[in-house]
1. Springs between alpha-carbon pairs under 10 angstrom, Gaussian network model over the chain: which of I83, I32, I129 fluctuates most?
2. Against the longest alpha carbon principal axis of the chain, how many degrees, from 0 to 90 and to the nearest 10, is the axis of helix 59-73 turned?
3. Share of antiparallel DSSP beta bridges in segment 72-181, in percent to the nearest 5?
4. Taking 0.36 nm per residue of separation and subtracting the Cα-Cα distance, what length does fully extending E120 through D54 add?
5. Where the only charges are on Cβ atoms (+1 Lys, Arg; -1 Asp, Glu), what is the dipole of the chain about its Cα centre, to the nearest 20 debye?
6. What's the center-to-center distance, using Cα atoms, between segment 128-162 and segment 68-120 in Å?
7. Of the cross-linked pairs K2/K60; K60/K106; K123/K169; K2/K108; K16/K60, which ones have a Cα-Cα span greater than 25 Å in the structure shown?
8. In whole percent, and with a 1.4 Å probe on the protein chains, what portion of the accessible area of segment 33-181 is carbon and sulfur?
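The values are calculated or read from the model by the stated rules, or taken from the named source; none is laboratory data. All values reported here derive from a predicted model rather than from experimental measurement. Cβ: placed from backbone, ideal geometry, glycine included. Neighbour counts: every protein chain shown. To get the accessible areas, we keep the full protein, side chains included, count just its heavy atoms, and leave off ligands, DNA and RNA. Shrake-Rupley method; radii C 1.70, N 1.55, O 1.52, S 1.80 Å.
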Amino acid sequence: MKIFIDNGHGQFTAGKRSPDGQLREAFFNREIARRIVLDLQDRGYDAELLVPEDDDISLKERCRRVNSWCLLHGKQNAILVSIHVNAYGNGSEWTQPHGWSIYTSKGKTAADALATCIFEAAKKYLPDIQMRTDNSDGDPDFEEAFYILRHSLCPAVLSENGFMTNYHKRQIIKRNSVLSS
């Protein structure tokens, strides 16, 4: 099983930062994605960064990378997890939303089971973090038409790891990241 970890946005993606500019999503995503890949590799899993570059790689290219692997080795032999930090509001003011969430594409897909497993692990290992859920279809993931979720051949999920536009939550995220400032 190949595990692709996608680090969301690139260093030059417009916006994608806390209102005070101290947390930039691209740097946080890359740090967390690298930590996850190293941890998975240490545990014996075949894991790799989908985007080792610091620049913003298009969604089309990200999907091409994962899909070319899937076409060679089988889409049932891979999963994709995209790491993000959520935001709310106009980007220049602090807001109140908070919580951790996970997304899949719309409808019942193989990604639903993956999202539920990751959600259960997050709930267990992040007991002090509010879990945001959409149980309307019987599972905890939110369903959206995000490009990377719709166009990846293998099961793909996207995690939103707190809100960088909530000052108090940004402090927690920043404390757990060495590259955020």
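1. For the chain, modelled as a Gaussian network with Cα springs under 10 Å, the answer is I129.
2. Computed tilt is about 30 degrees.
3. 30 percent
4. 20.7 nm
5. For this selection, approximately 140 debye.
6. 4 Å
7. In this structure, no pair lies more than 25 Å apart at Cα.
8. C and S fraction of accessible area: 53 percent.
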